[in-house]
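Heads up, the thing below is written out as structure tokens.
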Amino acid sequence: MSIDQGKYICAYTDFGFKRLFGSELNKDILISFLNSFLNLKDKIVDLSYLSLEQLGDLVTDREAIFGVYCKTSDDAYIIVEMQNAAQNYFKDRSIFYSSFATRNQAPKGVLDYQLKAVYTIGILNSVLEKDSEPYRHEVVLYDKVTNCQFYDKLAYYYFELPKFTKTEDELETIQDKWMYAIKNLSALNDKPVALKEQVFTRLFRIAEIAKFSEKEKFAYHGSLKKMWDNSAVLEKSYTDGHNDGKAEGKAEERLSIAKNLKEIGISPKDIFKATGLKEGEY
């Protein structure tokens with residue numbers, strides 16, 4: 001299968017996400033990203049990368065979900081996940097892995113329950129809440145009786161890319177700009193004028209495929225193909241597992257997959273193979 005690549009990498013491939021946010025050399029990009037997505041009183045000024053192995057079996061899901069794990073200079077632990085396809089029990093999984101970041105804070109044999117903050121950011125290339133309009137969700141422990149936040153050192157931030165529909169002219173906040181860049185990076189030919197901050201100049205320079213070594217191009221191509229294959233497998237599973245009474249839902253899912261494949265540069269011929277939709281139908 002040939003894959004036509006654009007000028008810039010797709011941010012929601014494993015290779016793309018790690019290149020942009022998972023490198024010590026690009027730490028300033030991750031810090032800008034985190035400060036725009038986290039609703040923290042004090043901005044992050046520095047951080048260190050931690051091994052994903054500390055979060056149990058997180059790496060076993062990396063074809064569909066991958067990310068970075070880090071610790072700020074204020075000792076807060078942050079998990080950043082990029083989900084490139086819909087997953088069953090994603091909420092359960094997110095809570096489960098954040099528990100490792102909490103549990104691992106206590107050295108063996110030491111009972112010290114003064115915990116550091118744990119924050120999870122999920123960038124989703126699928127819809128998490130079908131019945132809600134906002135693309136952004138901030139989830140905390142909340143006391144339903146007092147209507148007050150019960151605990152401020154555990155929070156989950158989820159961002160649904162399909163629901164973010166702002167055009168370049170509508171971008172207002174730095175968070176808007178990050179959402180736009182992540183969602184549209186592989187479909188762009190140049191850095192949008194609205195993304196005037198220096199961090200985006202760096203982002204687009206790092207994301208330019210022409211500047212990759214042959215080894216990097218090969219790795220990216222493999223990551224892109226894995227994402228395409230995963231989307232195709234999910235589509236087949238969806239088709240095989242639903243009856244005729246859910247034809248409308250199936251059609252919406254096929255359309256969503258086709259649009260996502262188009263955004264990352266997959267050819268119309270290969271999109272038709274995966275979804276049965278012809279060019280012009282998505």
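Each reported figure results from applying straightforward, stated rules to the coordinates on display, with no laboratory input. What you are looking at is a predicted structure, and each value in this text was computed from that prediction instead of being measured. Quick reminder, even Gly has a Cβ in these numbers, built from the backbone with ideal geometry, and neighbours come from all protein chains shown.
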query = In nanometres, what is the gap between the two model label sites at SER51 and ALA251, each 7 Å from Cα along Cα-to-Cβ?
reply = 5.1 nm
ask   = What are the radius of gyration and Dmax of the range 14-211, computed over its Cα atoms and given in Å?
value = 17.2, 57
Under the Karplus curve 6.51 cos²θ - 1.76 cosθ + 1.60, θ = phi - 60°, whole-Hz ³J(HN,Hα) for the range 112-128, x wherever Gly or Pro sits = 10, 9, 7, 8, 8, 5, 10, 10, 10, 10, x, 9, 10, 8, 7, 8, 8
Cut-off 11 Å between beta-carbons: net charge of the residues surrounding LYS130, Lys and Arg +1, Asp and Glu -1 = -4
remark   = The extension gain from SER132 to THR165, computed as 0.36 nm times the residue separation minus the Cα-Cα distance, is 10.4 nm
